[in-house]
Amino acid sequence: MSEAEKFRPQINEQANQVLTVGALYTAIMSFLAGSIAVLYEELGLGTHLLIPIIWAYSGGFLSLGTYLLAKRGKVLGPTMYVLFSLLVSMPSLLYLIAHFQLPSGAVSFINGPTFLIYTFILLLSGFMFDKRLSTFLGALAAVEHFALYYLDRHHLMALQSPDPVLLQDLNDPAIYFLKSLVLFFCGLVVGVIGKNSLALINKILTEEEDKFRLDRLFGQFVSQEVKNKIIQEKKEVVGETKNVAILFSDIRSFTNYCEGKQPQQVVEQLNQYFDVMVGAVVASGGMVDKFMGDAIMAIFGGVVDLPNPANAALEAAFMMTDRLAELNETWHQAGLQPMEIGIGLHYGEVLQGVLGSKDRKEFTIIGDTVNIASRLQELSKNLGHRLILSSDFHHRLSSDFKSKAKDLGTTEIRGKTQKIDIFTLGT
């Protein structure tokens, strides 16, 4: 399904809403014009106004019917073409009635203000965002106008005037052909504008849909800049293999921490904790993949490429510990128990994509790299260090970070047969 077809129901709804207003104004204008003509007739200020009166009220009732249909959202497809064809033909109807009822036929009104009705309806048709409709109406108005002029042109040719320019403007066939040509191109231009406006609306709706989809997939766990970059680059995030840096953090002895505390107090502190932790990850260009109880899993360099994912992850880890220290000071002053965390950092290949049921999906990453990062976080508690880095992660750090790292030797990883080299930084 094309983007235009996907959003057509919403666009049709908006088009009918605009037409509701336009048709209502047209009905008011027609009834008002008819009433003024009646008043002129009654006051003796004008004569032979019966035909304009009947025509004005006819246009008012047609516009009122269009208003009622548009209000119900029924001006679609063939109905739209029929209604707009009738509306744009209203001046032609007046000329045709005059042809049969008045001595000078259509020329009695053909140079009057009724000509503007053609262009008014053509402009209104543009809000239906259908190039073919506006082009068709422009052609219809052009053919009708010139045909009715040609039918009674002999009355115009009989006119006399001492001003040759005025006379030429009144009875030269080229002038009426030009007017008809203007109507055709008016419809064509309105159609092109409507088509381009439709393309712009589709683009805006598509971007909004992408933003909504990203909000559902990523929640509040990436910065708005990252979301916008994904949209701009049209990044695919389904079944993609990437090399990324993984950060796992966990609150130490969280079960003991919860003992003796009211659930409301624990939840309030956790929310404050998660706020600052997520802020640190996002500020470093990373994305929080998920919360697992009190644990946080973050990814760097997965959806949006980073110059050095390992550096970004390490900077996030330092920022998390610094912000937690500030938060602990605030809690201490409030008489609340502080928290301590352990962080594991690993670099490797993962499979990232959108997983879930048909009703609920989320973006996530899976792979052995994730498991190792989680195990490193567990080691941080046993080894008494806040940060534990794998050798793969350490290898990808910039030289200034590498030089500050402390080699902790080789260790076993739960669930893995091979030992790995690990490092630490800071305390």
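The values are calculated or read from the model by the stated rules, or taken from the named source; none is laboratory data. Note that the structure is a prediction, hence the values are computed from the model and not measured. Counting neighbours? That spans all protein chains shown, and the Cβs are built from the backbone with ideal geometry, glycine included. Ligands, DNA and RNA are stripped out before the accessible areas are found, and what is left, the full protein with its side chains, is counted by its heavy atoms. Shrake-Rupley method; radii C 1.70, N 1.55, O 1.52, S 1.80 Å.
Relative to the dominant Cα principal axis of the chain, helix 263-283 is inclined by about 80°. Backbone phi angles across segment 90-96, fed through the Karplus curve with coefficients 6.51, -1.76 and 1.60 (θ = phi - 60°), yield HN-Hα couplings of 4, x, 5, 4, 4, 5, 5 Hz in residue order; Gly and Pro are listed as x. On the beta carbon distance between Y25 and A199, with R0 = 41 Å, the FRET formula returns roughly 0.90.
Which entries of K290/K402; K290/K419; K381/K416; K131/K203; K6/K211 have Cα-Cα distances beyond 21 Å here? Too far apart for the 21 Å limit: K290/K402; K290/K419.
Please give the per residue accessible area of segment 293-427, computed with a probe of 1.4 Å over protein heavy atoms only, in Å².
Numbers: 6720 Å² over 135 residues.
On a per-residue basis, segment 293-427 sits at 50 Å².
Once you order the gyration tensor axes a ≥ b ≥ c over the Cα atoms, which shape class does segment 49-101 get: rounded for a/c under 1.5, otherwise prolate or oblate by comparing a/b with b/c? Oblate, because a/c is 1.5 or more while a/b does not exceed b/c. A straight chain from F61 to K404 at 0.36 nm per residue would run longer than the Cα-Cα distance by 115.0 nm. Rounded to the nearest 10 degrees, the inclination of helix 368-383 to the longest alpha-carbon principal axis of the chain is 40 degrees. Each Cα pair under 8 Å and six or more residues apart adds its separation to the average, and for the chain the resulting relative contact order is 11 percent.
If you take all C-alpha pairs in segment 17-75, what percent of them are over 20 Å apart? Within segment 17-75, distances greater than 20 Å cover 32 percent of Cα pairs.
The apolar share of the surface of segment 276-408, taken as the fraction of accessible area on carbon and sulfur atoms (1.4 Å probe, ligands and nucleic acids excluded), comes to 49 percent. What the phi angles of segment 12-20 give under the Karplus curve with 6.51, -1.76 and 1.60, with θ = phi - 60°, is a coupling list of 4, 4, 5, 4, 5, 5, 5, 5, 4 Hz, glycine and proline written as x. Once the Cα atoms are used to define both axes, helix 115-125 deviates from the longest principal axis of the chain by about 20 degrees. Using a probe radius of 1.4 angstrom, the carbon and sulfur fraction of the accessible surface of segment 97-210 is 72%. With the chain treated as a Gaussian network of Cα nodes joined by springs under 10 Å, which of V82, V278, V192 yields the largest mean-square fluctuation? Result for the chain, Cα springs under 10 Å: V82 fluctuates most. In the context of the full set of protein chains, segment 1-140 has a per residue accessible area of 52 Å² (1.4 Å probe).
Need one word for segment 1-107: rounded, prolate or oblate. Basis is the Cα gyration tensor (sqrt eigenvalues a ≥ b ≥ c); a/c below 1.5 gives rounded, then a/b vs b/c decides. Cα axes put segment 1-107 in the prolate bin. Under 5 Å between amide hydrogens, built in the peptide plane, is the criterion, and for D289 it picks out M297, A298, I299 among residues at least 5 positions away or on other chains.
The reciprocal of the average 1/r between distinct C-alpha atoms defines the Kirkwood hydrodynamic radius, which for the chain equals 27.9 Å. Using a Gaussian network model of the chain in which every pair of alpha carbons under 10 angstrom is joined by a spring, one finds that among H154, H385, H145 the greatest mean-square fluctuation is at H154. Overall form of segment 267-385: prolate. Here a/c, set by the Cα gyration tensor axes a ≥ b ≥ c, is 1.5 or more, and a/b is the larger of a/b and b/c. Across the accessible surface of segment 1-72, with the other protein chains kept in place and a 1.4 Å probe, carbon and sulfur atoms take up 68 percent.
What residue among S85, S399, S284 shows peak mean-square fluctuation when the chain is described by a Gaussian network model with Cα springs under 10 Å? Result for the chain, Cα springs under 10 Å: S399 fluctuates most.
Near I341, once Lys and Arg are set to +1 and Asp and Glu to -1 for all other residues with Cβ below 13 Å from its Cβ, the sum equals -1. For segment 3-122, what's the relative contact order in percent, using C-alpha pairs closer than 8 Å and at least 6 residues apart? So the answer I get is 24 percent.
Charge tally for S35 (other residues, Cβ to Cβ under 14 Å; Lys, Arg +1; Asp, Glu -1): -2.
Which of the GluC sites (Glu not before Pro) across segment 253-338 are loop residues per DSSP, with 10 or fewer other Cβ within 10 Å?
E259
Couplings 3J(HN,Hα) for segment 150-155, derived from phi with the Karplus relation 6.51 cos²θ - 1.76 cosθ + 1.60 (θ = phi - 60°), are 5, 5, 10, 4, 5, 5 Hz, where x marks Gly and Pro.
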